[in-house]
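Written below as structure tokens is the structure these notes are about.
All of the numbers you see were taken from the coordinates with simple rules; none came from a lab. Given the structure is predicted, the values throughout are model-derived calculations rather than measurements. Neighbour counts run over all protein chains shown; Cβ positions are idealised from the backbone, glycine included.
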Amino acid sequence: MKSIASLAGTAGILLALTACDSSTSPIAHPSPDAGDASPEAAASGRPAYTPTNLGTLDSYSEAQAINASGAVAGFSNVSGGAFHAVLWAGGNTKDLGTLGGSNAYGFAISPDGSVVGASETVTGVMHAFMASGGMMTDLGTLPGDVSSEARAINARGQVVGSSTSPDGTSRGFLWDNGAMTELASLGGRETAARGINKQGQVVGYSSDAAGVRHAVRWERGQVEDLGALGGSESFAYGINDAGVIVGQVITLESFYGFVLSKSGVTRIAPLPGGAYTTAYSVNNAGQVVGRSDNGAGEHAFIWQAGSTTDLGVLPGGPFSRAFGINDRGQVVGYSFVPEGGARATLWSR
């Protein structure tokens with residue numbers, strides 16, 4: 001698994017890649033029925049969702065998560081080429097800065113607006129951070145590790161992510177009340193935590209003794225193997241408060257997004273003409289967002305009750321990807337624009 005530290009000097013577009021995405025793309029990522037395209041819109045050809053450019057500090061930005069208030073976390077490049085963590089809220093774009101190094105990336109946001117992610121320190125290594133109240137706090141690493149990244153935060157302020165050893169092996173962690181604890185594995189060396197709900201259930205993935213990676217759920221210190229889910233490997237990226245889990249399954253031919261609930265595993269179908277999907281986030285209404293090809297490129301999608309809907313792109317943009325959704329059905333991610341580079345994007349009905 002590539003650590004965020006190994007990507008720090010790479011173009012920001014690569015930072016949107018999940019460690020397990022098998023995409024060949026050069027990219028790395030209302031009403032109660034907000035996930036359903038309305039019959040009126042379908043009949044008239046009007047898009048069900050409208051993309052809005054959230055702006056950038058310079059020429060490239062990505063939105064990664066959105067909370068119930070509509071505040072958005074992500075990152076943008078700044079003059080000189082470095083990337084800074086960003087908070088979009090109340091019509092403003094706020095540069096959250098770094099932990100003293102050149103680059104920082106916001107990946108998640110809590111209900112109260114605290115942003116977590118990864119930032120270079122003054123020594124040039126990546127550390128997980130939490131930004132709140134105008135301050136960015138270094139969350140550190142697990143003992144003996146050299147870098148870390150925070151990927152999710154819940155309403156209780158619990159943070160999950162990955163800490164990386166000198167040889168590049170990642171270990172999932174739970175940070176709670178100032179203490180970082182390693183999450184158990186399935187017997188292998190590699191773990192990574194990617195999502196957490198309000199109950200403190202954590203999802204991600206772990207390798208087994210043979211090095212095969214499976215989606216897992218951690219609860220009360222125990223790790224549960226969710227299985228390969230019909231493929232050769234699987235990865236969990238998000239969980240809602242009802243315990244519904246989403247992620248990606250790798251097969252010999254391709255990969256696809258999945259939804260795992262009490263009723264079983266559902267495969268997310270691609271957009272018309274497409275062959276693959278990845279699911280990154282799920283809200284409490286069961287609406288899922290991610291990315292899919294459509295035979296000509298890659299677009300952000302929203303999925304609900306068996307239907308995959310194309311969220312479209314900013315005007316003239318070639319492709320897009322969605323990473324986060326809140327309980328109001330607002331979706332965030334990025335869309336490329338004709339003049340070049342990606343722009344943090346909000347999709348709403």
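Points worth noting:
- Net charge over other residues, Cβ less than 15 angstrom from the Cβ of GLY178 (K, R count +1; D, E count -1): -1
- Potential extension, MET135-VAL122 segment - 0.36 nm per residue separation minus Cα distance: 3.1 nm
- Proxy reagent accessibility, fewest Cβ within 10 Å first, across SER165, SER119, SER79, SER114: SER79, SER165, SER114, SER119
- Distance between modelled label sites at ARG267 and SER69, nm, 7 Å Cα→Cβ extension: 4.2 nm
- Dipole of segment 4-348, positive end: most advanced residue of PHE235, SER254, TRP347 [Cβ charges, Cα centre]: TRP347
- Over the chain, DSSP H runs of length four or greater, each weighted -39,500 (n - 2.57), average out per residue to a 222 nm ellipticity of -500 deg cm²/dmol.
- Its residue count N sets the reference 2.2 N^0.38 Å, and the alpha-carbon radius of gyration of the chain equals 0.90 times that reference.
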